[in-house]
């Protein structure tokens, strides 16, 4: 982009120095990583034992793919042409492959005349978001107003910016496309362009690599940003390069996009136009759209709306809006809505650049408040999209970060955390002024949650002139089963009553029976018989356990004030469209302030309770590294730390997350009984890196276990967990030597 904050170049130089590996070491690493993956996949699944010798050796893991201190997997970029052209799928880090497919939404992107793109540029990129398995962070940046946008672009000044996998997972969950960035800048960028664009063979090779990278890592296209002058030969080959890249992306990645940034002209000069015109139309015609620079005026937009080359493609012109308001621009900061008003007035799409301004420049302790304010100001010029999915629909309103990690209303950790892969389907965040002195607002709140890092707080004042208020929580499209169960977890304030309202589509075709309240099995034998079948129907014990877990808390208050209500709906031909919360006063004619914390909403097919839970299969352990550390206690205590990669098989759509546990089975003293189960961590794919796990000194035997938690939040019996036993002994010559780190 034209405006670059001053700390970027320094950060990039530091990164280049830290990631420079010798050629020999790199070749050795690639061979070792390939061998380790093969050895993992070759492990016998009939035996659960892995044998290893404790040796303190230098790591064979790539510093590009793994943190040099902890061996945690990290997301990365490619900084040179050599890295791009030499990239092979076998070099890809599996931790960086998106695990969430692009969800459907209504209306689909192809039918949208005016689209919204967010380009995320923050301090050079790859901050807390580079840690694939999450990070401890007090004040991270996160985005959660997905219902307003169509496309998310991850921007940095590395030549090939591969979006961190946590962003792709979160965006895809909401039906939002994710674009990486291909950028060249300055003298070095010009030299790279001359090599890439020298001829058909060279530009096709580069484009093929970009397509392979997007396809491998699971994101949806590229923003191409050439910010350096081009020679006559290079500029002549740029449109065919764009056309080839676009065609190949469309062929390999459904619904993908390639966008051009307004920079270079048709004669190769670097001169931002701030519009689509005769000087840059050749690039626009060769791809899916153009992202204009930011220094436009309303007069230039008015002219562009009548420009012949834009006719029929106004929605493919993304008018750039710099939230930092650098240069002569319309709006920006908390007046960005003024820019959007003008853009929409003339029928264009928009590209909102660096909305992380609310985090970088404002009080980070008030981030949620500032973020909601910013997007609330824009909401009049944005369009709400409805995620479209099959049952079950589940959300605990987790925004992907929090002050603690909660499970069923209980805090399970005491530290702040950040992991966008943990983000659940996000609600509509609203702020409304009602008649009189009434008002209504919904916001994410980290101080109490049912599951994850935050709950949804619905708060406001019911004015004296109204008996109730209604807050729309979700707008979606979910076909409902003939027997649909709804679970609603909430915590209301006093003096108000709350009710969940479900609105369906196709009212003429949709019919329903009276709603049944579901309570604990002991008090609802009719429901129990209806769902599980008549006595003696042959249900397995695990099915009865699952049914009990669903109904045991229905209608009950917990010690912390949470209420769980469960409803059985009998429907025909219905699809869920809106989920709202009605809050009504108990009585009186005064203004009534209220708050209601919503912990979770689950909508599921009742028949799914009769399906046996699946088992985790084919757990393997590879890339084992041993480290020595000094533990805490009375005096220095040497500890043995285990690092290793676990892989397993389990259908991703069926799991909300996985818990990885460990326990000591034997050793080092054979007289010591087995140890208790301990939580290692949570993950959101069938891949987990065990990092710095303190284990007993050798010789010893321990067990690593993988517990799936279903989408509906049910625990799976331990006999269906996956497991691997690791038996290890002390290696010769390793007791007094510590190898180097990664």
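The values are calculated or read from the model by the stated rules, or taken from the named source; none is laboratory data. Note that this is a predicted model, so its numbers are computed, not measured. All Cβ positions, glycine included, derive from the backbone under ideal geometry; neighbour counts span all protein chains shown.
So the values come out like this:
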| quantity | calculated |
| --- | --- |
| Strands (runs of 3 or more DSSP E) contained entirely in region 588-705, each with at least 1 residues that are free of Cβ contacts under 8 Å to residues at least 60 places away in the same chain | 617-631, 637-649, 655-666, 678-683, 687-695 |
| Residue among 440, 428, 456, 485 that alone is under 19 Å from the mean Cα position of the chain (by Cα), assigned to a strand (DSSP E or B) and either modelled with pLDDT of 95 or more or closer than 18 Å to residue 499 by Cα (or both) | 456 |
| Criterion (in contact with a strand residue (DSSP E or B) (Cβ under 6 Å, 6 or more places away or on another chain) and buried (at least 22 other Cβ atoms within 10 Å of the Cβ)) met by exactly one of 154, 144 | 154 |
| Residue list for region 397-409, restricted to those being touching a residue at least 60 places away in the same chain (Cβ under 8 Å) and outside any loop (DSSP other than H, G, I, E, B) | 401 |
| Check on residue 695, modelled with pLDDT of 95 or more and surrounded by fewer than 21 Cβ atoms within 10 Å (Cβ to Cβ) | yes |
| Filter result for residue 169 (over 18 Å from residue 257 (Cα atoms), buried (at least 19 other Cβ atoms within 10 Å of the Cβ) and not assigned by TED's automatic domain parsing to the domain that holds residue 72) | no |
| Failed condition for residue 100, given (1) within 28 Å of residue 385 (Cα to Cα); (2) part of a loop (DSSP other than H, G, I, E, B); (3) in contact with a strand residue (DSSP E or B) (Cβ under 8 Å, 6 or more places away or on another chain) | (3) |
| Test: residue 53 is closer than 21 Å to residue 702 by Cα and modelled with pLDDT of 90 or more | yes |
| Which listed residue is surrounded by 19 or more Cβ atoms within 10 Å (Cβ to Cβ) and closer than 22 Å to residue 565 by Cα, from 499, 422, 471 | 471 |
| Residue satisfying condition, being over 30 Å from residue 419 (Cα atoms), surrounded by fewer than 22 Cβ atoms within 10 Å (Cβ to Cβ) and in contact (Cβ under 8 Å) with a residue 40 or more places away in the chain, within set 188, 208 | 208 |
| Tally of residues being in a helix (DSSP H, G or I) and either modelled with pLDDT under 95 or crowded, with 21+ Cβ neighbours inside 10 Å (or both) across region 249-298 | 3 |
| Subset of region 644-674 that is closer than 14 Å to residue 697 by Cα and surrounded by 12 or more Cβ atoms within 10 Å (Cβ to Cβ) - its residue that is farthest from the chain's Cα centre (by Cα) | 672 |
| Filtered residues of region 214-232 (kept if crowded, with 19+ Cβ neighbours inside 10 Å, in contact with a helix residue (DSSP H, G or I) (Cβ under 8 Å, 6 or more places away or on another chain) and under 17 Å from residue 161 (Cα atoms)) | 214, 216, 217, 218, 219, 220, 221, 222, 224, 226, 227 |
| Residue 45 vs. criteria in a loop (DSSP other than H, G, I, E, B) and modelled with pLDDT under 95 | yes |
| When residues of region 198-240 are limited to those that are outside any helix (DSSP H, G or I) and out of contact with any strand residue (DSSP E or B) (no Cβ under 9 Å at 6 or more places or on another chain), the one farthest from residue 99 (Cα to Cα) | 231 |
| Residue within region 208-227 that is over 23 Å from residue 76 (Cα atoms) and in the same structural domain as residue 248 (by TED's automatic domain parsing) present | no |
| Elements of type strands (runs of 3 or more DSSP E) in region 299-396, at least 1 residues being buried (at least 20 other Cβ atoms within 10 Å of the Cβ) and either at pLDDT below 95 or under 20 Å from the mean Cα position of the chain (by Cα) (or both) | 349-353, 386-388, 393-395 |
| Failed item in (1) outside the structural domain of residue 305 (by TED's automatic domain parsing); (2) within 28 Å of residue 379 (Cβ to Cβ); (3) touching a residue at least 24 places away in the same chain (Cβ under 8 Å), with residue 97 passing the rest | (2) |
| Lone qualifier among 706, 716 - being in contact with a strand residue (DSSP E or B) (Cβ under 6 Å, 6 or more places away or on another chain), buried (at least 19 other Cβ atoms within 10 Å of the Cβ), at pLDDT below 95 and not assigned by TED's automatic domain parsing to the domain that holds residue 484 | 716 |
| Residue that is at pLDDT below 95, touching a strand residue (DSSP E or B) at 6+ places or on another chain (Cβ under 9 Å) and crowded, with 18+ Cβ neighbours inside 10 Å, where the choices are 105, 130 | 105 |
